[in-house]
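J.: Dropping the structure in here first, questions after.
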Amino acid sequence: MRLGIFTALFPNLTLDEVIKTIKKIGISTVELGTGNYPGDPHCKLSFLEDDQACAEFQQKLKDNGITISALSSHGNPLHPVKEVREKYIQTSRKTILLAEKLGVGVVNDFSGCPGDSDNATYPNWVTTPWPPEFIELLEWQWKEKVLPYWTEHARFARDHGVKIAIEMHPGFVVYSPETLLRLREAAGDNLGCNFDPSHLFWQGIDPLAAVRQLGPAIFHVHAKDTMLWQGNINRSGVLDTKSYKDEINRAWIFRAVGYGHGAEFWNNLVSTLRMAGYDYVLSIEHEDSLMSVEEGLTKAASFLDQVILKTTPGEIWWA
């Protein structure tokens, strides 16, 4: 297992500056955003038509010993407004084609969320089965919107030799191991997950148990933490809609690795990932509003270096 970084956290740096920054802390693997929510100027969909620019990009990475763990096009391909939805979909499809061209095997994405009808203008995330119209809406969303799109999109990715890793994220139809596995059962085994424990903590889902449930469905991993404040949870619950900038009053906030949960958890997570067959990349994602990017990245990398070192398997003397 090795460390990587999601370069979307460097929107104001050139690719050369990103490479210089990550090499200083010993990271040589990157996850690159291509559009939709993760704006990232370092990997361009125009590479699909510009072979020379694409070759120069690849050569620069190769010359610096940099590899790509995944491309990311997190968006809402189920958005109820056609023009918005089509933009997300086209970016995701082009990202798959670019991954094929670059020899990258994984594309990260969100599952998306439809509206409550064909005439809706906003997504509608259902969180309760009652009153009965909510469960009826949820069933309609999955039957009419979720399964048709993802069955076809997963087939498109498979035809181009690419796996799709859905990040389980509240607000979208896939937000838990159960919903991820439901989608995977319908769309096929080249659809799995980009495992981010930070989105599970605040839902009350044990990430270690989730890893055991998901097993071979884990294609990629984000390294990001969450801090929970029980006093605020008692007041507002975990479905807290306050601004992420209102840290003192929120029920939870995202933190750099190690600032929500300590070494014992992260040691156990890496060990459990190994037991489940995952031996790929821990891609650091920085969304800690209490730390600068430089501080959060440096501390997360140093922390995870020790975790990986401590959990590296060795030979068993009696085997």
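J.: Could you provide, to the nearest whole Å², the per residue accessible area of the chain with probe 1.4 Å?
T.: Computed with neighbouring chains in place, this is 47 Å² per residue.
J.: At most 15 other Cβ atoms within 10 Å and a DSSP loop assignment: could you name the trypsin sites (Lys or Arg not before Pro) in the range 207-284 that fit?
T.: Passing both the DSSP loop test and the Cβ count: LYS242, LYS245.
J.: What is the percent carbon and sulfur in the accessible area of the chain, measuring with a 1.4 Å probe over the protein chains and ignoring ligands?
T.: Values: 7870 of 14930 Å².
Carbon plus sulfur share of accessible area: 53 percent.
J.: Compute the signed sum of charges (Lys and Arg +1, Asp and Glu -1) over the other residues within less than 12 Å, Cβ to Cβ, of ASN194. Could the numbers behind the result be given before it?
T.: Numbers: positive: LYS163, LYS224; negative: GLU31, ASP109, GLU167, ASP196, GLU285.
Charge balance in the 12 Å sphere: -3.
J.: Comparing SER69, SER283, SER271, which has the greatest mean-square fluctuation in the GNM of the chain with Cα pairs linked when under 10 Å apart?
T.: SER271
J.: Under 5 Å between amide hydrogens, which residues at least 5 positions from ASN108 or on another chain qualify, with H placed 1.01 Å from N in the peptide plane?
T.: HN-HN under 5 Å from ASN108: LEU71, SER72, SER73, ALA165.
J.: Could you tell me which residue out of PHE57, ILE96, LEU138 lies farthest along the dipole of the range 1-158 toward its positive end? Charges go on the beta carbon: Lys and Arg +1, Asp and Glu -1, centred on the Cα centre.
T.: PHE57
J.: I'd like the antiparallel share, as a percent to the nearest 5, of DSSP beta bridges with both residues in the range 137-262.
T.: 35 percent
J.: So, one more: For the chain, with a Gaussian network of springs between Cα atoms less than 10 Å apart, report the residue from GLY161, GLY231, GLY33 with the top mean-square fluctuation.
T.: GLY231
J.: A further question on this structure: What shape does the range 55-189 have by the C-alpha gyration tensor, where a ≥ b ≥ c are the square roots of the eigenvalues, rounded means a/c under 1.5, and otherwise prolate means a/b greater than b/c and oblate the rest?
T.: Prolate.
J.: Charges only on Cβ, +1 for Lys and Arg, -1 for Asp and Glu: so what's the dipole of the chain about the Cα centre, in debye to the nearest 20? Show your work: numbers first, answer last.
T.: Working: 30 positive and 40 negative charges, 74 e Å.
Roughly 360 debye for the chain.
J.: A further question follows. What are the ³J(HN,Hα) values, in whole Hz, obtained from phi via the Karplus relation 6.51 cos²θ - 1.76 cosθ + 1.60 with θ = phi - 60°, for each residue of the range 204-210 in sequence order, with x given for Gly and Pro?
T.: So the Karplus estimates, Gly and Pro as x, are x, 8, 6, x, 5, 5, 5 Hz.
J.: Out of ILE22, ILE233, ILE66, any idea which swings most in a Gaussian network model of the chain, alpha carbons joined below 10 Å?
T.: ILE233
J.: Also, I was wondering about something else. Just for the chain, what percent of DSSP beta bridges are antiparallel, to the closest 5?
T.: That works out to approximately 15 percent antiparallel.
J.: While we're looking at this one, here's another question. Using helices alone, I'd like the mean residue ellipticity at 222 nm for the chain: each DSSP H run of four-plus residues gives -39500 (n - 2.57), total over residue count, nearest 500.
T.: Counting only the DSSP helices, I get -12500 deg cm²/dmol.
J.: Normalising by the residue count of the range 1-105, find the relative contact order in percent from Cα pairs under 8 Å and 6+ residues apart.
T.: Dividing the mean separation by the residue count of the range 1-105 yields 27 percent.
J.: Between ALA210, TYR149, ILE166, whose Cα lies farthest towards the positive end of the dipole of the range 106-256 when Lys and Arg beta carbons carry +1 and Asp and Glu beta carbons carry -1, centred on the Cα centre?
T.: ALA210
J.: Next question, about the same structure. Can you run phi through the Karplus equation (6.51, -1.76, 1.60; θ = phi - 60°) for the range 211-227 and list ³J(HN,Hα) in whole Hz, with x for Gly and Pro?
T.: Once rounded to whole Hz, the list reads 4, 5, 6, 7, x, x, 7, 8, 9, 7, 9, 9, 9, 8, 10, 9, 9.
J.: Rounded to the nearest 10 Å², what accessible area does HIS160 show when all protein chains are kept and the probe is 1.4 Å?
T.: 50 Å²
J.: Report ³J(HN,Hα) in whole Hz for each residue of the range 182-191, in order, from the Karplus equation J = 6.51 cos²θ - 1.76 cosθ + 1.60 where θ = phi - 60°; Gly and Pro get x.
T.: For the range 182-191, the Karplus curve yields 4, 5, 5, 4, 7, 8, x, 7, 8, 10 Hz.
The values are calculated or read from the model by the stated rules, or taken from the named source; none is laboratory data. The shown structure was predicted, so the numbers you read here are calculated from the model rather than taken from an experiment. Note that we place each Cβ from the backbone using ideal geometry, even for glycine, and neighbour counts take in every protein chain shown. Just the protein is used for accessible areas: all its heavy atoms, side chains included, with ligands, DNA and RNA removed. Shrake-Rupley method; radii C 1.70, N 1.55, O 1.52, S 1.80 Å.
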